[in-house]
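Heads up, the thing below is written out as C-alpha coordinates.
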Amino acid sequence: MKYPKILYVLLLIFVFSCKEEKKTSAEVAHKTEVFQSILDSIYNQNKDAVGLMIHIESPDKGISWSGVAGYSDKSETELEKDQPVLIASNTKTYVSAAILKLVEQSKFDLNQAIDTLIFEKTNKLLKTDGYDTSQIKIAQLLNHTSGIYDYAGTEEYMQLIKDDPKHRYSRNEQIQLAVSMGNPLGKAGEVFAYADTNYLLLTEIIEGITDKPFYIALRELIGYEKLGMQTTWFSTLEDYPQNTKPLVHQYWTSEGLDSYEVDHSFDLYGGGGIASTSKDLAVFCQSLFNNKIFDKANTLDLIYAKANPEQPMEGDYYLGISSVDFDGLKGYGHGGFWGTAVNYFPELNSSIAVFVLDRDKRILRVNINEAIVKALSEL
(Lines give C-alpha, C1' and ligand atoms only; values in the text may rest on other atoms or scores of the structure.)
Protein backbone atom coordinates (compact mmCIF):
# COMPACT_ATOMS: atom_id res chain seq x y z
CA MET A 1 0.00 0.00 0.00
CA LYS A 2 1.18 3.54 -0.81
CA TYR A 3 -0.77 5.30 1.96
CA PRO A 4 1.94 5.07 4.67
CA LYS A 5 4.47 6.64 2.30
CA ILE A 6 2.10 9.45 1.39
CA LEU A 7 1.32 10.07 5.05
CA TYR A 8 5.03 10.16 5.82
CA VAL A 9 5.61 12.80 3.11
CA LEU A 10 2.70 14.88 4.37
CA LEU A 11 4.05 14.64 7.92
CA LEU A 12 7.45 15.88 6.76
CA ILE A 13 5.84 18.81 4.95
CA PHE A 14 3.88 19.70 8.07
CA VAL A 15 6.96 19.51 10.32
CA PHE A 16 9.05 21.67 7.99
CA SER A 17 6.25 24.22 7.58
CA CYS A 18 5.97 24.52 11.36
CA LYS A 19 9.71 25.05 11.63
CA GLU A 20 9.59 27.69 8.89
CA GLU A 21 6.70 29.45 10.63
CA LYS A 22 8.62 29.49 13.91
CA LYS A 23 11.69 30.78 12.09
CA THR A 24 9.65 33.54 10.43
CA SER A 25 8.07 34.54 13.74
CA ALA A 26 11.48 34.65 15.36
CA GLU A 27 12.85 36.79 12.53
CA VAL A 28 9.99 39.26 12.82
CA ALA A 29 10.46 39.42 16.59
CA HIS A 30 14.15 40.18 16.10
CA LYS A 31 13.36 42.90 13.58
CA THR A 32 10.91 44.61 15.90
CA GLU A 33 13.42 44.42 18.75
CA VAL A 34 15.87 46.30 16.53
CA PHE A 35 13.27 48.98 15.79
CA GLN A 36 12.35 49.36 19.46
CA SER A 37 16.00 49.67 20.44
CA ILE A 38 16.42 52.48 17.89
CA LEU A 39 13.41 54.30 19.32
CA ASP A 40 14.57 53.79 22.92
CA SER A 41 18.09 54.97 22.14
CA ILE A 42 16.91 58.18 20.48
CA TYR A 43 14.40 58.87 23.26
CA ASN A 44 16.94 58.29 26.03
CA GLN A 45 19.11 61.01 24.51
CA ASN A 46 16.12 63.35 23.99
CA LYS A 47 13.72 62.90 26.89
CA ASP A 48 12.49 66.47 26.47
CA ALA A 49 10.71 65.19 23.34
CA VAL A 50 8.09 63.88 25.81
CA GLY A 51 7.24 60.86 23.68
CA LEU A 52 8.06 59.16 20.39
CA MET A 53 5.68 57.01 18.36
CA ILE A 54 6.23 55.01 15.19
CA HIS A 55 4.52 52.57 12.89
CA ILE A 56 6.22 50.59 10.13
CA GLU A 57 4.13 49.04 7.39
CA SER A 58 6.40 46.79 5.31
CA PRO A 59 4.39 43.91 3.84
CA ASP A 60 7.21 42.43 1.74
CA LYS A 61 9.22 41.97 4.93
CA GLY A 62 6.26 40.72 6.93
CA ILE A 63 6.23 43.76 9.21
CA SER A 64 3.29 45.74 10.54
CA TRP A 65 4.59 47.11 13.83
CA SER A 66 3.96 50.02 16.17
CA GLY A 67 6.33 51.18 18.88
CA VAL A 68 6.56 53.95 21.46
CA ALA A 69 9.07 55.45 23.87
CA GLY A 70 8.46 58.04 26.56
CA TYR A 71 5.14 59.39 27.77
CA SER A 72 1.84 60.72 26.43
CA ASP A 73 2.14 63.99 28.37
CA LYS A 74 4.48 65.93 30.64
CA SER A 75 2.85 64.36 33.70
CA GLU A 76 4.47 61.11 32.57
CA THR A 77 1.25 59.28 31.77
CA GLU A 78 1.88 55.96 30.05
CA LEU A 79 2.17 56.26 26.28
CA GLU A 80 0.33 53.54 24.38
CA LYS A 81 1.10 52.62 20.78
CA ASP A 82 -2.51 52.92 19.64
CA GLN A 83 -3.12 56.42 20.98
CA PRO A 84 -4.07 58.93 18.26
CA VAL A 85 -2.49 62.31 17.60
CA LEU A 86 -3.34 65.40 15.57
CA ILE A 87 -1.49 64.86 12.29
CA ALA A 88 -1.86 68.49 11.15
CA SER A 89 -0.50 69.05 7.62
CA ASN A 90 -0.29 65.34 6.92
CA THR A 91 -3.98 65.96 6.23
CA LYS A 92 -3.03 67.66 2.96
CA THR A 93 -2.19 64.31 1.39
CA TYR A 94 -5.67 63.01 2.22
CA VAL A 95 -7.20 66.09 0.59
CA SER A 96 -5.02 65.55 -2.47
CA ALA A 97 -6.10 61.91 -2.71
CA ALA A 98 -9.76 62.95 -2.53
CA ILE A 99 -9.25 65.56 -5.26
CA LEU A 100 -7.54 63.00 -7.49
CA LYS A 101 -10.40 60.56 -6.91
CA LEU A 102 -12.82 63.25 -8.13
CA VAL A 103 -10.58 63.85 -11.16
CA GLU A 104 -10.71 60.11 -11.81
CA GLN A 105 -14.50 60.34 -11.68
CA SER A 106 -14.38 63.14 -14.30
CA LYS A 107 -15.84 65.73 -11.93
CA PHE A 108 -13.22 68.26 -13.00
CA ASP A 109 -9.71 68.54 -14.42
CA LEU A 110 -6.55 69.45 -12.53
CA ASN A 111 -5.97 72.30 -14.96
CA GLN A 112 -9.45 73.69 -14.45
CA ALA A 113 -9.70 77.21 -13.01
CA ILE A 114 -11.08 77.50 -9.51
CA ASP A 115 -13.36 80.51 -10.04
CA THR A 116 -16.44 78.41 -10.77
CA LEU A 117 -15.59 75.71 -8.23
CA ILE A 118 -14.98 77.56 -4.96
CA PHE A 119 -17.89 79.15 -3.12
CA GLU A 120 -19.21 82.33 -4.74
CA LYS A 121 -18.64 84.33 -1.56
CA THR A 122 -15.02 83.18 -1.42
CA ASN A 123 -14.48 83.93 -5.09
CA LYS A 124 -15.70 87.51 -4.64
CA LEU A 125 -13.51 87.96 -1.57
CA LEU A 126 -10.38 86.79 -3.36
CA LYS A 127 -11.10 88.98 -6.37
CA THR A 128 -11.45 92.06 -4.17
CA ASP A 129 -7.94 91.32 -2.88
CA GLY A 130 -6.49 91.24 -6.39
CA TYR A 131 -6.55 87.52 -7.15
CA ASP A 132 -7.52 86.45 -10.65
CA THR A 133 -9.26 83.21 -9.75
CA SER A 134 -9.96 82.51 -13.41
CA GLN A 135 -6.22 81.92 -13.81
CA ILE A 136 -5.63 79.82 -10.67
CA LYS A 137 -5.83 76.09 -11.38
CA ILE A 138 -6.73 73.25 -9.03
CA ALA A 139 -3.23 71.80 -9.48
CA GLN A 140 -1.75 75.11 -8.32
CA LEU A 141 -3.69 74.90 -5.08
CA LEU A 142 -2.39 71.37 -4.58
CA ASN A 143 1.25 72.28 -5.24
CA HIS A 144 1.21 75.73 -3.60
CA THR A 145 1.94 77.76 -6.74
CA SER A 146 -1.36 79.66 -6.66
CA GLY A 147 0.22 82.84 -5.31
CA ILE A 148 -2.32 82.93 -2.47
CA TYR A 149 -1.14 84.32 0.86
CA ASP A 150 -0.85 82.01 3.86
CA TYR A 151 -2.35 83.16 7.15
CA ALA A 152 -1.32 80.04 9.10
CA GLY A 153 2.43 80.56 9.01
CA THR A 154 2.40 84.17 10.18
CA GLU A 155 3.46 85.49 13.57
CA GLU A 156 0.20 87.43 13.61
CA TYR A 157 -1.87 84.24 13.45
CA MET A 158 0.24 82.57 16.12
CA GLN A 159 -0.33 85.55 18.38
CA LEU A 160 -4.08 85.28 17.83
CA ILE A 161 -3.92 81.67 18.97
CA LYS A 162 -1.90 82.55 22.06
CA ASP A 163 -4.20 85.43 22.96
CA ASP A 164 -7.36 83.35 22.66
CA PRO A 165 -6.48 79.63 22.44
CA LYS A 166 -10.08 78.50 22.84
CA HIS A 167 -11.43 80.62 19.97
CA ARG A 168 -13.46 78.53 17.54
CA TYR A 169 -12.35 79.40 14.00
CA SER A 170 -14.42 78.84 10.89
CA ARG A 171 -13.02 78.19 7.44
CA ASN A 172 -14.52 81.44 6.20
CA GLU A 173 -12.81 83.33 8.99
CA GLN A 174 -9.44 81.86 8.11
CA ILE A 175 -9.83 82.66 4.42
CA GLN A 176 -10.71 86.20 5.46
CA LEU A 177 -7.51 86.30 7.54
CA ALA A 178 -5.50 85.28 4.47
CA VAL A 179 -6.95 88.26 2.64
CA SER A 180 -6.57 90.77 5.45
CA MET A 181 -3.07 89.73 6.53
CA GLY A 182 -1.32 89.92 3.17
CA ASN A 183 -1.48 90.63 -0.54
CA PRO A 184 -1.17 88.19 -3.44
CA LEU A 185 2.35 86.77 -3.63
CA GLY A 186 2.34 86.77 -7.41
CA LYS A 187 0.39 85.56 -10.39
CA ALA A 188 -0.64 81.92 -10.50
CA GLY A 189 2.36 79.78 -11.38
CA GLU A 190 5.00 82.41 -10.58
CA VAL A 191 6.13 81.35 -7.11
CA PHE A 192 6.01 78.42 -4.75
CA ALA A 193 4.65 79.50 -1.37
CA TYR A 194 3.36 76.88 1.04
CA ALA A 195 -0.08 77.96 2.24
CA ASP A 196 -2.82 76.28 4.23
CA THR A 197 -5.20 78.65 2.46
CA ASN A 198 -4.84 76.58 -0.71
CA TYR A 199 -6.21 73.52 1.03
CA LEU A 200 -9.11 75.38 2.61
CA LEU A 201 -10.15 76.27 -0.92
CA LEU A 202 -9.76 72.64 -1.98
CA THR A 203 -12.17 71.48 0.72
CA GLU A 204 -14.64 74.08 -0.53
CA ILE A 205 -14.30 72.54 -3.98
CA ILE A 206 -14.83 69.04 -2.56
CA GLU A 207 -17.98 70.17 -0.78
CA GLY A 208 -19.31 71.93 -3.86
CA ILE A 209 -18.82 68.87 -6.06
CA THR A 210 -20.00 66.18 -3.64
CA ASP A 211 -22.68 68.21 -1.84
CA LYS A 212 -21.38 66.75 1.43
CA PRO A 213 -19.27 68.09 4.30
CA PHE A 214 -15.67 67.71 3.16
CA TYR A 215 -14.75 65.40 6.03
CA ILE A 216 -17.52 62.98 5.09
CA ALA A 217 -16.53 63.21 1.42
CA LEU A 218 -12.90 62.40 2.26
CA ARG A 219 -13.97 59.40 4.32
CA GLU A 220 -15.99 58.05 1.41
CA LEU A 221 -13.65 58.97 -1.45
CA ILE A 222 -10.57 57.50 0.25
CA GLY A 223 -12.46 54.56 1.74
CA TYR A 224 -11.36 54.60 5.36
CA GLU A 225 -13.41 51.53 6.26
CA LYS A 226 -12.24 49.51 3.26
CA LEU A 227 -8.62 50.24 4.20
CA GLY A 228 -9.20 49.37 7.85
CA MET A 229 -8.63 52.93 9.08
CA GLN A 230 -10.87 52.76 12.14
CA THR A 231 -9.09 55.50 14.11
CA THR A 232 -8.96 58.27 11.51
CA TRP A 233 -11.31 61.24 11.83
CA PHE A 234 -11.49 65.03 11.67
CA SER A 235 -11.17 66.09 15.29
CA THR A 236 -14.24 67.95 16.64
CA LEU A 237 -16.01 67.69 13.27
CA GLU A 238 -16.63 63.95 13.49
CA ASP A 239 -17.51 61.83 16.51
CA TYR A 240 -14.61 60.42 18.51
CA PRO A 241 -14.30 56.77 17.37
CA GLN A 242 -15.59 54.19 19.83
CA ASN A 243 -13.02 52.27 21.88
CA THR A 244 -10.27 54.68 20.87
CA LYS A 245 -7.61 55.67 23.39
CA PRO A 246 -7.25 59.34 24.43
CA LEU A 247 -5.38 61.74 22.18
CA VAL A 248 -1.83 62.30 23.33
CA HIS A 249 -0.71 65.75 24.40
CA GLN A 250 1.32 67.49 21.71
CA TYR A 251 3.46 70.42 22.71
CA TRP A 252 5.30 73.41 21.36
CA THR A 253 7.09 74.09 24.60
CA SER A 254 9.05 77.13 23.50
CA GLU A 255 5.77 78.84 22.55
CA GLY A 256 3.81 77.58 25.54
CA LEU A 257 1.34 75.52 23.49
CA ASP A 258 -0.35 72.26 24.46
CA SER A 259 -2.74 70.65 21.97
CA TYR A 260 -5.22 70.05 24.80
CA GLU A 261 -5.37 73.78 25.53
CA VAL A 262 -5.93 74.98 21.94
CA ASP A 263 -9.20 74.68 20.03
CA HIS A 264 -8.52 72.28 17.18
CA SER A 265 -10.26 74.63 14.74
CA PHE A 266 -7.05 76.63 14.43
CA ASP A 267 -5.91 73.90 12.01
CA LEU A 268 -8.96 71.94 10.93
CA TYR A 269 -10.37 72.59 7.48
CA GLY A 270 -8.04 70.79 5.08
CA GLY A 271 -4.65 72.33 5.79
CA GLY A 272 -4.81 70.09 8.85
CA GLY A 273 -7.51 68.56 10.99
CA ILE A 274 -7.21 64.78 10.96
CA ALA A 275 -6.55 62.79 14.11
CA SER A 276 -5.02 59.37 13.58
CA THR A 277 -2.95 56.61 15.11
CA SER A 278 0.51 55.99 13.71
CA LYS A 279 -0.73 52.72 12.24
CA ASP A 280 -3.67 54.31 10.43
CA LEU A 281 -1.41 57.00 8.99
CA ALA A 282 1.11 54.44 7.73
CA VAL A 283 -1.69 52.26 6.34
CA PHE A 284 -3.11 55.26 4.47
CA CYS A 285 0.31 56.05 3.02
CA GLN A 286 1.00 52.45 2.05
CA SER A 287 -2.45 52.13 0.48
CA LEU A 288 -2.09 55.38 -1.44
CA PHE A 289 1.24 54.54 -3.02
CA ASN A 290 0.19 50.97 -3.75
CA ASN A 291 -2.81 52.38 -5.65
CA LYS A 292 -5.49 50.90 -3.39
CA ILE A 293 -7.46 54.15 -3.23
CA PHE A 294 -7.98 54.79 -6.93
CA ASP A 295 -9.83 52.67 -9.46
CA LYS A 296 -7.55 53.37 -12.42
CA ALA A 297 -3.87 52.46 -12.53
CA ASN A 298 -2.76 55.82 -13.95
CA THR A 299 -4.53 58.07 -11.42
CA LEU A 300 -1.73 57.72 -8.88
CA ASP A 301 0.76 59.01 -11.47
CA LEU A 302 -0.88 62.43 -11.23
CA ILE A 303 0.29 62.93 -7.65
CA TYR A 304 3.93 63.03 -8.80
CA ALA A 305 3.43 66.19 -10.88
CA LYS A 306 6.17 68.42 -9.47
CA ALA A 307 5.66 72.09 -8.73
CA ASN A 308 7.55 74.06 -11.36
CA PRO A 309 7.05 77.78 -10.69
CA GLU A 310 8.63 80.47 -12.83
CA GLN A 311 10.82 81.54 -9.91
CA PRO A 312 13.27 78.95 -8.49
CA MET A 313 12.18 77.04 -5.39
CA GLU A 314 14.04 75.01 -2.78
CA GLY A 315 13.23 71.33 -2.51
CA ASP A 316 10.49 69.41 -4.28
CA TYR A 317 6.74 69.52 -3.78
CA TYR A 318 4.18 67.61 -5.77
CA LEU A 319 0.39 67.34 -5.35
CA GLY A 320 0.04 67.18 -1.59
CA ILE A 321 3.31 65.33 -1.03
CA SER A 322 6.98 66.20 -0.80
CA SER A 323 10.08 64.03 -1.18
CA VAL A 324 12.81 63.02 1.24
CA ASP A 325 16.05 61.08 1.06
CA PHE A 326 17.19 58.87 3.92
CA ASP A 327 20.19 56.57 3.69
CA GLY A 328 20.19 57.05 -0.08
CA LEU A 329 16.57 55.95 -0.44
CA LYS A 330 13.98 58.36 -1.79
CA GLY A 331 10.64 58.62 -0.07
CA TYR A 332 7.38 60.48 -0.62
CA GLY A 333 5.07 61.81 2.05
CA HIS A 334 4.40 64.81 4.25
CA GLY A 335 5.04 66.31 7.66
CA GLY A 336 2.82 68.06 10.16
CA PHE A 337 2.94 71.08 12.48
CA TRP A 338 3.13 69.27 15.80
CA GLY A 339 5.97 66.95 14.78
CA THR A 340 4.36 64.25 12.66
CA ALA A 341 5.63 62.69 9.44
CA VAL A 342 4.90 59.78 7.16
CA ASN A 343 6.86 58.63 4.12
CA TYR A 344 6.62 55.82 1.61
CA PHE A 345 9.88 54.35 0.28
CA PRO A 346 9.30 52.65 -3.10
CA GLU A 347 12.52 50.61 -3.02
CA LEU A 348 11.44 49.06 0.27
CA ASN A 349 7.69 49.11 -0.46
CA SER A 350 7.40 50.40 3.08
CA SER A 351 5.71 53.27 4.89
CA ILE A 352 6.99 54.78 8.12
CA ALA A 353 4.91 57.08 10.32
CA VAL A 354 6.75 58.99 13.04
CA PHE A 355 5.31 61.21 15.79
CA VAL A 356 7.43 63.42 18.05
CA LEU A 357 5.27 64.87 20.81
CA ASP A 358 7.12 68.17 21.21
CA ARG A 359 7.42 70.31 18.11
CA ASP A 360 10.68 71.75 19.43
CA LYS A 361 12.23 68.30 18.90
CA ARG A 362 10.72 67.62 15.48
CA ILE A 363 14.21 67.19 13.99
CA LEU A 364 14.09 63.76 15.61
CA ARG A 365 11.74 62.72 12.80
CA VAL A 366 14.81 62.77 10.57
CA ASN A 367 16.97 60.84 13.05
CA ILE A 368 14.33 58.16 13.51
CA ASN A 369 13.64 57.81 9.79
CA GLU A 370 17.32 57.56 8.93
CA ALA A 371 17.89 54.81 11.48
CA ILE A 372 14.73 52.86 10.65
CA VAL A 373 15.26 53.05 6.88
CA LYS A 374 18.82 51.79 7.33
CA ALA A 375 17.64 48.93 9.53
CA LEU A 376 14.84 48.02 7.12
CA SER A 377 17.14 48.00 4.11
CA GLU A 378 19.53 45.63 5.91
CA LEU A 379 16.85 43.05 6.73
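The values are calculated or read from the model by the stated rules, or taken from the named source; none is laboratory data. This one's a predicted model, so the numbers in the text were calculated from it and none came from an experiment. Please note: Cβ atoms are built from the backbone with ideal geometry, for glycine as well, and neighbour counts cover all protein chains shown.
Remarks
- Any hit, region 55-62, residues being of a type in the set (Gly, Ala, Ser), part of a strand (DSSP E or B), at pLDDT 95 or above and within 26 Å of residue 37 (Cβ to Cβ): yes
- Subset tally (residues that are among the charged types (D, E, K, R) and not in a loop (DSSP other than H, G, I, E, B)) for region 236-263: 4
- One residue from 277, 253, 244 being in contact with a Pro (Cβ under 9 Å, 6 or more places away or on another chain) and farther than 27 Å from residue 99 by Cβ: 244
- In region 133-160, the residues that are closer than 25 Å to residue 322 by Cβ and either free of Cβ contacts under 8 Å to residues at least 24 places away in the same chain or not in a loop (DSSP other than H, G, I, E, B) (or both): 137, 138, 139, 140, 141, 142, 155, 157, 158
- Single match in 88, 69 (criterion: aliphatic (A, V, I, L, M) and either under 30 Å from residue 131 (Cβ atoms) or at pLDDT below 95 (or both)): 88
- Pairs linking a residue in region 181-199 that is crowded, with 18+ Cβ neighbours inside 10 Å to a residue that is of a type in the set (Lys, Arg), with Cβ atoms under 6 Å and 6 or more positions apart or on different chains, are 199/92.
- Residue count for region 75-107, restricted to those that are part of a loop (DSSP other than H, G, I, E, B) and surrounded by fewer than 18 Cβ atoms within 10 Å (Cβ to Cβ): 9
- When residues of region 296-307 are limited to those that are modelled with pLDDT of 95 or more and surrounded by fewer than 17 Cβ atoms within 10 Å (Cβ to Cβ), the one nearest to the chain's Cα centre (by Cα): 304
- Filtered residue count, region 181-220, keeping only those that are assigned to a helix (DSSP H, G or I), over 17 Å from residue 171 (Cα atoms) and β-branched (Val, Ile, Thr): 2
- All told, residue 353 falls short of being among the small types (Gly, Ala, Ser) and surrounded by fewer than 18 Cβ atoms within 10 Å (Cβ to Cβ).
- Scanning region 324-350 for residues that are surrounded by fewer than 24 Cβ atoms within 10 Å (Cβ to Cβ), among the small types (Gly, Ala, Ser) and not in a loop (DSSP other than H, G, I, E, B) yields a count of 1.
- Across region 53-72, the number of residues qualifying as in contact with a Leu (Cβ under 8 Å, 6 or more places away or on another chain) and of a type outside the set (Val, Ile, Thr) comes to 10.
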